[in-house]
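Inspection log for the structure reproduced underneath, given as structure tokens.
The values are calculated or read from the model by the stated rules, or taken from the named source; none is laboratory data. Because the structure is a prediction, the values reported are computed rather than measured. For neighbour counting, all protein chains shown are included, and Cβ atoms are generated from backbone atoms with ideal geometry for every residue, glycine included. Just so you know, the surface numbers come from the protein's heavy atoms only, side chains and all, with ligands and any DNA or RNA stripped out. Shrake-Rupley method; radii C 1.70, N 1.55, O 1.52, S 1.80 Å.
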Amino acid sequence: MCNCHDNNDQKLAGKGNDASGTQLCDYDISVESRTASFMDLLKRVTEGSPFYQKKFAEAGVDISEIRTLDDICKLPFTNKEELRDAYPLGLQAVPDEEVVRIHSSSGTTGSPVIIPYTKGDVEVWADMMMRCYKMAGLTNTDRIQITPGYGLWTAGIGFQAGTELLGAMAVPMGPGNTEKQLQMMLDLKSTALASTSSYALLLAEEITKRELKDKIHLKVGIIGSERWSPKMRARIENELGIDTYDIFGLTEIYGPGIALDCSLHDGLHYWSDHLLFEIIDPVTGEILPDGTLGELVITTLTKEGAPLIRYRTRDLTRIFPEPCKCGCPFPRIDRLLGRTDDRIKIKGVNVYPGQIEDVILRVEGVSSEYQIILERESGRDSMLFRVEIENADDPENNKLRSRQMNKAFHDFIGVSVDVECVPVGALPRSEKKSKRVIDNREM
Ligand code: ZN
């Protein structure tokens, strides 16, 4: 039984058979049901999407050969550049009269991506967001202060729609204006905060500074849109006195709310009745077995306005093979471990900063700061891994941690590296992740 039953049964009783009364284990995520959705999707795009008609024709796809979910490997990937090239409405797969809204993802380079939504898409998104709230233990008695922005970029309105569907009270603040945020938080007794991690930290610091911790009523933070370190998470939780939940999503696929970690905080459950997740090798495109780290690829099983098939997110994660101990039947991905663009190739092995951070977490007494120096001598690559540790001046401890780091690299990433342990504070601090890697190999 999923944890939503214990929390919500009583409070949601009397709300009838509307969506807010549905429990997380009541959704149909059987292979049969998902296969049927997949077949519907293929029918919809072959009939209504000029974008996929062209793509499938170019790739020589014979749709009649696709009968099971596993056959998805016969379909081509969709990437972000293609979405940009479809600007403004080239992704639309339904007649104009069915489109009720558009959202857009910001592009630092080139055209933005425009995603049209149908009424059904908006409802599905709100339902997924509501499930996230339920997973975080929220009910219709909660008051959710929403600090992400409203507008073209999706975040705020998704949090809002989910709140209303749950029957909770939305406090639609949008970003900024910390003074007003704190006043509303106090006066309206907000119980949950929807926020980016950096804004949650800013609010937390302000609340600590003003000694307001005992006066606020927050119990839960739904935090997303950026990668945040376990250390930053702990600070937000301690300073606000809340439990936080990591929310995931991207504008191309609805927006935030497609996955959330449960109360055990061991990976994020994703809504597999609406979304099909695959993990691929970002270089070869080959599908990787569950448990292996790779690039997340998403197919929107039920989306109508702009369905996407095998969309390459460039996000790195893995699908957990085993069910979650919390009892929630939805499958899980690991927290996001970085972007495929950040790849470093060393001795023929692809290494990602997220993997390195993952390895660091496994060795006790090692801090979060590291530096990588790559050299090539007579055609051979070598990698020096410099990392800050506690008690670096104790030679015995230094040797032990070096050995442990070396073994962790070998076991979890599959490369052998030279490790140098330095005292905490010895490495340069930089905002930019890329500064952590110094590549002295000639290209
Ligand atoms: Zn769980």
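What the table below lists for this structure:
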quantity	calculated
Some residue of segment 240-247 being in contact (Cβ under 8 Å) with a residue 12 or more places away in the chain, in the same structural domain as Lys303 (by TED's automatic domain parsing) and under 17 Å from Thr313 (Cα atoms)	yes
In segment 103-114, the residues that are surrounded by fewer than 17 Cβ atoms within 10 Å (Cβ to Cβ) and in contact with a Pro (Cβ under 7 Å, 6 or more places away or on another chain)	Ser106
Residue, most open to solvent (accessible area, probe 1.4 Å), within segment 251-265, restricted to residues that are assigned to a strand (DSSP E or B) and away from the ligand (no atom under 16 Å from the Cβ)	Pro256
Residues located in segment 277-298, provided they are open to solvent by 10 Å² or more (accessible area, probe 1.4 Å) and either among the aliphatic types (A, V, I, L, M) or at positive phi (or both)	Val283, Gly285, Ile287, Leu288, Gly291, Leu293
Residue within segment 115-128 that is farther than 29 Å from Glu304 by Cβ, outside any helix (DSSP H, G or I) and either in the same structural domain as Thr78 (by TED's automatic domain parsing) or open to solvent by 10 Å² or more (accessible area, probe 1.4 Å) (or both) present	no
Residue within segment 211-218 that is among the hydrophobic types (A, V, I, L, M, F, W, C) and either open to solvent by less than 10 Å² (accessible area, probe 1.4 Å) or within 16 Å of the ligand (Cβ to nearest atom) (or both) present	no
The lone exception for Leu83 - which of (1) part of a loop (DSSP other than H, G, I, E, B); (2) buried (at least 19 other Cβ atoms within 10 Å of the Cβ) it fails	(1)
Segment 349-370: number of residues that are part of a strand (DSSP E or B), at pLDDT below 85 and touching a helix residue (DSSP H, G or I) at 6+ places or on another chain (Cβ under 7 Å)	1
Segments classed as strands (runs of 3 or more DSSP E), wholly inside segment 371-441, with at least 3 members that are modelled with pLDDT of 90 or more	380-389, 418-423
Whichever residue in segment 129-159 is over 23 Å from Leu203 (Cα atoms) and within 16 Å of the ligand (Cβ to nearest atom) and, among such residues, is surrounded by the fewest Cβ atoms within 10 Å (Cβ to Cβ)	Lys134
Residues of segment 184-232 classified as of a type in the set (Phe, Trp, Tyr) and at pLDDT 90 or above, total	1
Check on Ile207, part of a strand (DSSP E or B) and either under 30 Å from Gly354 (Cβ atoms) or in the same structural domain as Glu164 (by TED's automatic domain parsing) (or both)	no
Segment 267-286, subset under 15 Å from Asp28 (Cα atoms) and in a loop (DSSP other than H, G, I, E, B), residue farthest from the ligand (Cβ to nearest atom)	His274
Close pairs (6 angstrom Cβ cut-off, 6 or more residues apart or separate chains): farther than 24 Å from Phe77 by Cβ in segment 312-340, within 16 Å of the ligand (Cβ to nearest atom) and at pLDDT below 95 anywhere	Cys326/Asn3; Gly327/Met1; Gly327/Cys2; Cys328/Cys2; Cys328/Leu24; Pro329/Cys25
Verdict on Pro321 being more than 16 Å from the ligand (Cβ to nearest atom), assigned to a loop (DSSP other than H, G, I, E, B) and more than 14 Å from the chain's Cα centre (by Cα)	no
